[in-house]
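J.: First the structure, then my questions, so here it is.
The values are calculated or read from the model by the stated rules, or taken from the named source; none is laboratory data. The model shown is predicted, which means the values in this text are computed figures rather than measured ones. Don't worry about glycine lacking a Cβ; one is built from the backbone with ideal geometry, like all the others, and counts go over all protein chains shown. SASA here: full protein model, heavy atoms, side chains in, ligands and nucleic acids out. Shrake-Rupley method; radii C 1.70, N 1.55, O 1.52, S 1.80 Å.
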Amino acid sequence: MGTLKTRCVIIGGGDCSADFLKEHINLDNDYIICADSGYDYAVSAGVNPDLLIGDFDSISVVPQNVNKITLPVEKDVTDCVAAYNEGIKLGFKSFVLFGGTGGRFEHTFANISLMANASKSNICFEIIDDKHIFRSITNNSIKIERKENQQISVFAYGDRAFGVTEKGFHYPLWDYTLDPFGGALGTSNDIIEDFGEISVGSGTLIIIETKM
């Protein structure tokens, strides 16, 4: 991998704050990639990224003393996807994206799709903002710790998800088939044990943890 750090942090250009980054970034453990104007957030938090990537159409000032990859303005991927691809090249299996929501909706949706597709390759990819943690699993299971004022929503992504089970929740599910166009059955559930466990036998789930 060329680095002893175990997590790749991507900072995007959506909603983010200096205090939020200071709280969530571990400089000893995190390899930090800024996607274009995500660099402005990093600077405000006093964080020096390991890599800056983008077409630099939204950054305030392009720095000279940072390792960077310049992308063409006309391209087939977003800056966040390009940042993820660089992290994969470095061998990372764990990613978190800050500044991935709250800006342009199409970019938020693209980031959620990136997260879901990463799960199909058994890559751990989370999107975190000040109110949500977005996760995804494919043919797998996950445990989520119960917290105060927390709700969990589960949705099928792309196609039907078979064998969906939710244990430790106020509204449990057992071997259920979730349809991506089947309404809001998975919305706003509460964990009632120490951990809630969500599993899917076949398919991809998007799991949204919301701070109420």
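J.: Please go through the stretch 78-105 and give me each residue that is under 18 Å from Ile208 (Cβ atoms) and open to solvent by 30 Å² or more (accessible area, probe 1.4 Å), ordered by number.
T.: Scanning the stretch 78-105 gives Gly102, Gly103, Phe105.
J.: Taking the residues in the stretch 19-77 that are among the acidic types (Asp, Glu) and open to solvent by less than 20 Å² (accessible area, probe 1.4 Å) as candidates, determine which candidate is farthest from Ile128 (Cα to Cα).
T.: So the residue we want is Asp36.
J.: A further question follows. What is the one condition in (1) touching a Cys at 6+ places or on another chain (Cβ under 9 Å); (2) farther than 15 Å from Gly14 by Cβ that Ala83 does not satisfy?
T.: So Ala83 meets the others, but not (2).
J.: Follow-up. Looking at the stretch 19-36, I want the residues that are among the charged types (D, E, K, R) and have a partner that is part of a strand (DSSP E or B) and at pLDDT below 95 with Cβ atoms under 7 Å, at least 6 apart or on another chain. Which pairs are those?
T.: Pairs found: Asp36/Gly54.
J.: Residue by residue through the stretch 173-193, note down the ones that are acidic (Asp, Glu) and more than 14 Å from Gly203 (Cβ to Cβ).
T.: Asp190, Glu193
J.: Collect the residues in the stretch 69-96 that are in a loop (DSSP other than H, G, I, E, B) and either more than 15 Å from the chain's Cα centre (by Cα) or polar (S, T, N, Q) (or both), keeping them in residue-number order.
T.: Leu71, Pro72, Val73, Glu74, Lys75, Asp76, Val77, Thr78, Leu90, Gly91
J.: Being in a helix (DSSP H, G or I), more than 16 Å from Cys80 (Cβ to Cβ) and of a type in the set (A, V, I, L, M, F, W, C) is the filter here, so list the residues in the stretch 22-67 that pass it.
T.: Val43
J.: Would you check which residues across the stretch 1-38 are more than 18 Å from the chain's Cα centre (by Cα) and within 21 Å of Leu71 (Cβ to Cβ) and list them?
T.: Correct list: empty.
J.: I'd like the residue in the stretch 135-159 that is part of a strand (DSSP E or B) and of a type in the set (Gly, Ala, Ser) and, out of all such residues, is most open to solvent (accessible area, probe 1.4 Å).
T.: So, considering only residues that are part of a strand (DSSP E or B) and of a type in the set (Gly, Ala, Ser), the one most open to solvent (accessible area, probe 1.4 Å) is Ser141.
J.: Among residues belonging to the stretch 1-16 that are open to solvent by 20 Å² or more (accessible area, probe 1.4 Å) and touching a Ser or Thr at 6+ places or on another chain (Cβ under 8 Å), point out the one that is nearest to Gly87 (Cα to Cα).
T.: So, considering only residues that are open to solvent by 20 Å² or more (accessible area, probe 1.4 Å) and touching a Ser or Thr at 6+ places or on another chain (Cβ under 8 Å), the one nearest to Gly87 (Cα to Cα) is Arg7.
J.: List the pairs whose first member sits in the stretch 62-77 and is within 13 Å of Ala42 (Cβ to Cβ), whose second member is among the aliphatic types (A, V, I, L, M) and assigned to a loop (DSSP other than H, G, I, E, B), and whose Cβ atoms are under 8 Å apart, counting only residues at least 6 apart or on separate chains?
T.: From residues that are within 13 Å of Ala42 (Cβ to Cβ), the pairs are Lys68/Val62.
J.: Shifting gears a bit: Go through the residues of the stretch 94-109 one by one and say whether even a single one is more than 25 Å from Glu23 (Cα to Cα) and in contact with a strand residue (DSSP E or B) (Cβ under 9 Å, 6 or more places away or on another chain).
T.: no
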